[in-house]
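Laboratory data are not the source of any read-out in this text; all were calculated from the coordinates shown. Please read all numbers here as calculations on a predicted model, not as lab measurements. Please note: Cβ atoms are built from the backbone with ideal geometry, for glycine as well, and neighbour counts cover all protein chains shown.
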Amino acid sequence: MKPTINQPPSSQSVDRKMLLLIRRKGPQTIEGLTMLTGIGWGQVFLSVDRLSRMGKVFLTPVYPSYPSEYRVSVDRAVHQGNQAPHPSAKPNGVGECLG
């Protein structure tokens, strides 16, 4: 009888799983991705790091949170720098978006 050896998933398969999950379920935190995929926190973190450096996912801080927490998304519009203006923002661009 041969012993079964569980090999850790390859980085490409983890990346594919992350992208598929985020596309299907929407933005998630790293902790959320860990729970939903059953993949360890370290592998999820490395995958998100790789994907963000390639421009395939974007990180947005979740406020208020301590310690800092980030939401991972595939949609550029969810990315902090490209958020749609808050409904209370003034039409001429004056005013600050807090939401």
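Scanning region 64-74 for residues that are of a type outside the set (Phe, Trp, Tyr) and in a loop (DSSP other than H, G, I, E, B) yields 64, 65, 67, 68, 69, 74. What tally of residues in region 47-77 results from selecting those that are touching a helix residue (DSSP H, G or I) at 6+ places or on another chain (Cβ under 7 Å) and closer than 12 Å to residue 18 by Cα? So the count comes out to 9.
The C-beta contact set for region 18-40 (first residue on the phi > 0 side of the Ramachandran plot, second residue surrounded by 13 or more Cβ atoms within 10 Å (Cβ to Cβ) and part of a helix (DSSP H, G or I), distance under 9 angstrom, 6+ apart or interchain) comprises 26/78. Being of a type in the set (Lys, Arg), more than 13 Å from residue 75 (Cα to Cα) and outside any helix (DSSP H, G or I) is the filter here, so list the residues in region 15-63 that pass it. Within region 15-63, no residue meets the criteria.
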